[in-house]
Number of protein chains: 4
Amino acid sequence: MAVCSVSIVPVGTGSTSVSAYVARCHEILAEVEGIKYRLTPMATVIEGDLEIVLSTILRLHSVPFEKGAMRVLTTIMIDDRRDRELTMDGKISSVEEKLGG
Amino acid sequence: MAVCSVSIVPVGTGSTSVSAYVARCHEILAEVEGIKYRLTPMATVIEGDLEIVLSTILRLHSVPFEKGAMRVLTTIMIDDRRDRELTMDGKISSVEEKLGG
Amino acid sequence: MAVCSVSIVPVGTGSTSVSAYVARCHEILAEVEGIKYRLTPMATVIEGDLEIVLSTILRLHSVPFEKGAMRVLTTIMIDDRRDRELTMDGKISSVEEKLGG
Amino acid sequence: MAVCSVSIVPVGTGSTSVSAYVARCHEILAEVEGIKYRLTPMATVIEGDLEIVLSTILRLHSVPFEKGAMRVLTTIMIDDRRDRELTMDGKISSVEEKLGG
């Protein structure tokens, strides 16, 4: 299980707004089995088997092209830890415990 | 006003855990005036005047060194929009409105 | 054809040096057909069919684990342009032409 | 001394080309004292004192706005090592030595 973030940006579309692309990506994410995901202000975070997450991101990367964009920049960060289970909630609570202590 | 994300990773510390560094960064963020910030599973997101945010990030980048790390990798993403106000909450709600519509 | 950059960082290995991991990744890259790649100071850049490049990156991401690391952070940037051919050399020369003009 | 990479992307400009922005950034870089820089296919890499590099990047980040863009996404990666000198050339040769050995 890995936790990944993804940011997908169309270039040259003539509009400064990208929320319609993000919304379409989240419709697709809602139909993928075996992953969890969360919208954050700068990226979408996805948790799951790394191969499934990366193939899902490849699917999301195609969204702006389907909506007419001719160039897309996608940034992916993968956090993959194998000494213990890594989850979105676990990462957050591990920091909050230290702050609350 | 810009919205930025920052991820700070010490290299060569001998421990796979980074939450103590993140917690210390959030203690520092709590004392900076004029910014908003939010912990997410892959990065901390900061909203505010870009120069203040970047100087704050430079301060956070020094945290692992203060705790003994000898190498630090920091990744920053800046989203800076000048045709209308950009906020963390505005970015999220703009997507959610499209999903709920 | 897409141009991608990848940076792979082991966390918690006890050493600040990462060049042995990068060198092993480049040995693997030398054996992949249909891609071009280039070492730069902050990332390795790979050019080729996006699916081939991403599956290659997944292979590279496993290198630190094979060498004993328990946590790996990998950052990928994808530049995918479909209105004209995108290559590493083309991107560089397009800037150099403007600078030389 | 740190080694940093920076990628600056205007959003909503109506053109898929970004090389004019990159070229203008390199004209500015040529006038900054105390840094070294290098154009790579996915980013510009800058070496120097971290505070000087970050203030230079802030200057580059304003280039697309000066050319009319209303939204700019800038991605910065900082590699900061304090156990020995870190340079662009040193990072490359350290990998090449291991590959040639």
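A few comments on the model shown:
- Residue-count net charge about D:Ser62 - beta-carbon cut-off 12 Å; Lys, Arg +1, Asp, Glu -1: +1
- Crossing angle, helix A:50-61 versus chain A [Cα axis fit, 0-90 degrees, rounded to tens]: 30 degrees
- Spin-label zone in segment C:62-101 - amide nitrogen under 14 Å from a point set 7 Å from the Cα of A:Leu58 along the C-beta vector: none
- Nearest-ten-degree value, helix C:19-29 long axis tilted from longest Cα axis of chain C: 60 degrees
- Rotation relating C and D, chain D residue nearest the axis via C-beta, angstrom: D:Thr40, 2
- Other protein chain Cβ atoms within 10 Å, averaged over every residue that makes up D:59-68: 1
- Counting only residues at least eight positions apart within a chain, or on another chain, the lysines with an alpha carbon under 19 Å from that of A:Lys67 are B:Lys98.
- Test item: A:34-42 mean partner chain Cβ contacts at 10 Å: 6
- Using alpha carbons only, the radius of gyration of the protein assembly as shown set against its Kirkwood radius gives Rg/Rh = 0.93.
- Length available on full extension from B:Glu33 to B:Glu66: 0.36 nm per residue minus the Cα-Cα distance, which gives 9.6 nm.
- Inter-copy spacing of D:Lys36 label points, which lie 7 Å from Cα along Cα→Cβ, given in nm from shortest upward: 2.5, 4.3, 4.6
- Lys/Arg +1, Asp/Glu -1 at C-beta; chain D dipole; positive extreme among D:Phe65, D:Val3, D:Met88: D:Phe65
- Spatially proximal lysines relative to B:Lys36 (Cα-Cα < 16 Å; intrachain offsets below 8 disregarded): B:Lys91
- Helical runs (DSSP H, four residues minimum) scored at -39500 (n - 2.57) apiece and divided by the length of chain B put the mean residue ellipticity at 222 nm at -11500 deg cm²/dmol.
- P(r) tail fraction, chain C - alpha-carbon pairs more than 15 Å apart, %: 63 percent
- In degrees, nearest ten, helix B:88-100 long axis to first principal axis of chain B (Cα): 50 degrees
- Counting only Cβ charges, +1 for Lys and Arg and -1 for Asp and Glu, the dipole size of segment C:2-100 around its Cα centre is about 400 debye.
Bear in mind these aren't lab numbers, they're just calculated from the coordinates by the rules spelled out. Predicted, not measured: the structure shown is a model, and the values here were computed from it. In this analysis, Cβ positions are derived from the backbone assuming ideal geometry, glycine residues included, and neighbour counts consider all displayed protein chains.
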